[in-house]
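Report on one structure; see the data block that follows.
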Amino acid sequence: MAGVEIAVDGLTKSFGAQRIWQDVSLTLPRGEVSVLLGPSGTGKSVFLKSLIGLLRPEEGSIMIDGTDILTCTAKELYEIRKMFGVLFQDGALFGSMNLYDNVAFPLREHTAKSESEVRKVVMAKLDMVGLTGSEDKLPGEISGGMRKRAGLARALVLDPQIVLCDEPDSGLDPVRTAYLSQQLIDINAETDATILIVTHNIQLARTVPDNMGMLFRKELVMFGPREVLLTSDEPVVEQFLNGRRIGPIGMSEEKDSAQMSQEQAMVEAGHSDGGAPEDVRGVVPQLEPTPGRPIRTAVARRQARVEEIMHTLPPSAQAAVSESLRSEGRHSALTPA
Ligand SMILES: Nc1ncnc2c1ncn2[C@@H]1O[C@H](COP(=O)(O)OP(=O)(O)O)[C@@H](O)[C@H]1O
Ligand SMILES: [Mg+2]
């Protein structure tokens with residue numbers, strides 16, 4: 001089993017007269033991990049729900065494994081949906097079922113597996129997310145981090161080729177988020193699934209994905225190899241990555257230019273804007289699978305792909321890509337074949 005590519009082209013979504021985003025085009029490469037950033041309310045969850053066909057954009061196409069899910073039949077959509085595992089924002093566990101039954105639910109619902117086969121799969125998935133021993137607990141008896149991991153185990157139980165995670169880190173402390181980040185990379189190494197993560201967590205965004213994009217002002221600001229966004233000097237990207245108040249993103253809506261220049265003057269006069277003291281810029285090494293797990297086969301495919309589009313990237317991103325390719329090369333040279 002390997003992941004499948006998702007190619008989104010010219011996608012536009014409105015609710016009544018409210019335009020959520022327009023002309024969104026991006027490709028999630030097969031088996032790679034991608035992150036989608038964006039201020040609250042920019043339609044990230046709407047985008048994820050569109051990818052599984054729960055919401056219907058009015059224009060554009062979403063090609064999954066050769067099928068446009070916006071024009072296909074209900075039966076085809078049903079089949080395509082089976083490729084997905086989704087972790088919704090709240091984990092969405094059944095409160096009256098223990099973790100074992102929660103994780104077993106999709107297997108009992110969608111497969112003809114015997115209870116002993118179900119047991120094998122459930123125990124393996126619970127082990128994968130570090131929940132062995134907690135199978136009898138109810139969702140109400142465990143921490144938010146454990147609920148997230150149980151939700152992840154349930155999302156993975158049908159061996160999905162595509163995994164969507166909507167803010168998997170929300171409500172988690174930085175240490176739990178770091179564990180979760182590692183888990184997502186390990187899962188990708190084990191399954192080669194195509195993974196899309198929506199997150200506000202900068203540390204996760206900087207260390208986990210192969211590709212990154214950002215939604216802002218009803219548009220996809222950019223999408224591509226992680227190095228492009230991480231070295232970008234686009235004001236909205238910089239503001240977001242540094243958690244600053246100063247910049248185009250406001251509390252409730254975008255700011256006007258008068259307000260922006262007033263704020264800029266305050267910062268120049270030495271006022272803090274609450275962001276990181278040093279610029280959070282540049283590329284940090286990507287997480288690697290935990291020793292003992294398989295290597296990520298996506299890494300080599302991505303290298304070839306990025307080398308091909310290298311000449312189209314901005315100079316700062318090209319330098320960062322060359323640097324990460326060098327260190328990945330060094331690493332794989334050290335790894336016994
Ligand atoms: N089913 C729906 N019907 C009408 N409006 C919706 C629906 N779902 C989301 N919206 C609106 O779409 C916008 C984007 O929402 P959402 O995707 O949840 O943002 P994000 O996940 O980026 O924070 C919001 O203004 C929200 O109110
Ligand atoms: Mg959301």
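Points worth noting:
- Qualifying residues in the stretch 294-309 (those that are exposed (fewer than 14 other Cβ atoms within 10 Å of the Cβ) and in a helix (DSSP H, G or I)) - the one nearest to the chain's Cα centre (by Cα): A300
- Some residue of the stretch 129-137 being crowded, with 20+ Cβ neighbours inside 10 Å, among the hydrophobic types (A, V, I, L, M, F, W, C) and farther than 23 Å from F240 by Cβ: yes
- Residue list for the stretch 26-83, restricted to those being outside any strand (DSSP E or B), charged (D, E, K, R) and either away from ligand 1 (no atom under 16 Å from the Cβ) or under 19 Å from the mean Cα position of the chain (by Cα) (or both): R30, E32, K44, K49, D65, K75, E76, E79, R81, K82
- Test for T12: is it more than 16 Å from ligand 2 (Cβ to nearest atom) and loosely packed, with under 14 Cβ neighbours inside 10 Å: no
- Positions within the stretch 108-159 being free of Cβ contacts under 8 Å to residues at least 40 places away in the same chain and among the hydroxyl-bearing types (S, T, Y), in sequence order: S114, S116, T132, S134, S143
- Selected residue (only one of V33, V46 is of a type outside the set (F, W, Y), within 16 Å of ligand 2 (Cβ to nearest atom) and over 16 Å from L158 (Cβ atoms)): V46
- Residue in the stretch 166-176 that is at pLDDT 90 or above and either buried (at least 17 other Cβ atoms within 10 Å of the Cβ) or farther than 16 Å from I197 by Cα (or both) present: yes
- Residue in the stretch 147-158 that is over 23 Å from S96 (Cα atoms) and buried (at least 17 other Cβ atoms within 10 Å of the Cβ) present: no
The values are calculated or read from the model by the stated rules, or taken from the named source; none is laboratory data. On a predicted model such as this, the values are computed, not experimentally measured, just so you know. Don't worry about glycine lacking a Cβ; one is built from the backbone with ideal geometry, like all the others, and counts go over all protein chains shown.
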